[in-house]
Amino acid sequence: MTAIMARSLRSHSSLSRLCMAAQFRKGRLLSTDSNKVDEPFKVEEAETVNVPPPLSEKLLVLGGNGFVGSHICQEALDRGLNVASLSRSGRTRIKDSWANKVIWHQGNLLSPDSWRDALNGVTSVVSCVGGFGSNSYMYKINGTANVNAIRAAAEQGVKRFVYISAADFGLVNYLLQGYYEGKKAAETELLTRYPYGGIILRPGFIYGTRAVGSMKLPLGVIGAPLEMVLQHAKPLNRVPLVGQLLTPPVNVTAVAKVAVRAATDSVFPPGIIDVYGILRHSQ
C-alpha cells in the first residue's frame, strides 16, 4: 500500500511539472509575487497598435453673429466642436470670451465666390440666415441665399445640414409672403439635396436676452410664461384661422441645443422638426 501511494505522489508531481512547463512555454506563468509578471507575458503586453485619433467635427454656423447663431456657436463650443461662422459683417460685436474661439468668416451667400473657402474641412452646417423687408428682399435672403448655401455644402461633401426655418402661422404667412415663400424654397432644396442628413427646425417666436446695440432686451419676460401655457395647448392649433397663432414660443437655448445635436448626431432623425419636437429633443 505504501509503495502504491509513493508511485501516485510521484506521478502527480510529474504531471504538475509538465503542466507548469506547458504554461511557461505559452508565456502565462505568473511569479510568486502577484505584482510581477514573468518576461514572456510582458512581451505580449508590450505589443500595441497605433490608432490615429478621431477626426474632430467642424461646424459652420451661417449667421453666427446673430441672436440665434451666437447661441448655437456657444453650444457647439461647449460640446468640444471646432466652430466657424460666416456672415456679411464677419466677427460678432459680442465681447464674451467664447467669441475668441470661433473662426469668423466674412462673405455674402448671394456671391458664392466670396465665401466658398469657409467650407474647407467643415463636417456640418447650421443656417440661421433670414431677414425682413420687401417681398423680393425677403425671398432673396430667406430663400436664394440658403439655397446657394445648401448646394455648395452638398457639392463640398458636407455630411449634415440644419436649417432654422419658421413655424406656419397661417394668416401671417400671407402678410409676409416673400419671407415664407423663401423659407419654403430653402426647405425644398434641403430635403432634395440632403434626404438623410437634412434637418429643418420650425420654431415660432424665439425668446431670450437679445442684444440690440448697447441695449439688452429680456424677451424671456414675455416668452417664458407663454411657452409654459401654450405648449400644453397643442389641440388648439387645429382651430381655423387663429389656431396656428397659438404656437408656443421657445427658448433660444433650446433651439441651439437641438440644432447642434441635429448637426452632429448621425442618428438624429432627418426631416422637419416642429416647435413641439424642439421642446422634446431639448429635454
If amide H atoms are modeled at 1.01 Å from N in the peptide plane, then the residues at a separation of 5 or more from LEU86, or on another chain, having amide H under 5 Å from its own are VAL61, LEU62, GLY63, GLY64, HIS105
Quick calc: nm separation of the 7 Å Cα→Cβ label points for THR188 and ASP78 -> 3.7 nm
Once both label points are put 7 Å beyond Cα along the C-beta direction, the THR253-GLN283 separation in nm becomes 1.5 nm
Calc'd 3J(HN,Hα), region 151-163, phi into Karplus 6.51 cos²θ - 1.76 cosθ + 1.60 (θ = phi - 60°), Hz, glycine/Pro = x, comes to 5, 5, 5, 5, 5, 7, x, 5, 6, 9, 9, 10, 10
Summing +1 per Lys or Arg and -1 per Asp or Glu among the other residues with Cβ less than 13 Å from LYS101's Cβ gives 0
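So, R0 is 22 Å and r is the distance between the beta-carbons of SER114 and TYR137; what FRET efficiency does that work out to, to 0.05?
Working: r = 19 Å, r/R0 = 0.86.
Step by step, r from the Cβ atoms, then E = 0.70.
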Env charge @ TYR196, Cβ radius under 14 Å, K,R +1 / D,E -1, value +2
A chain fully extended from ARG91 to ARG261 at 0.36 nm per residue, minus the present Cα-Cα distance, gains in nm 58.8 nm
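Every number in this text was worked out from the coordinates using simple rules, so none of it is lab data. On a predicted model such as this, the values are computed, not experimentally measured, just so you know. Note that each Cβ is placed from the backbone with ideal geometry, even for glycine, and that neighbours are counted across all protein chains shown.
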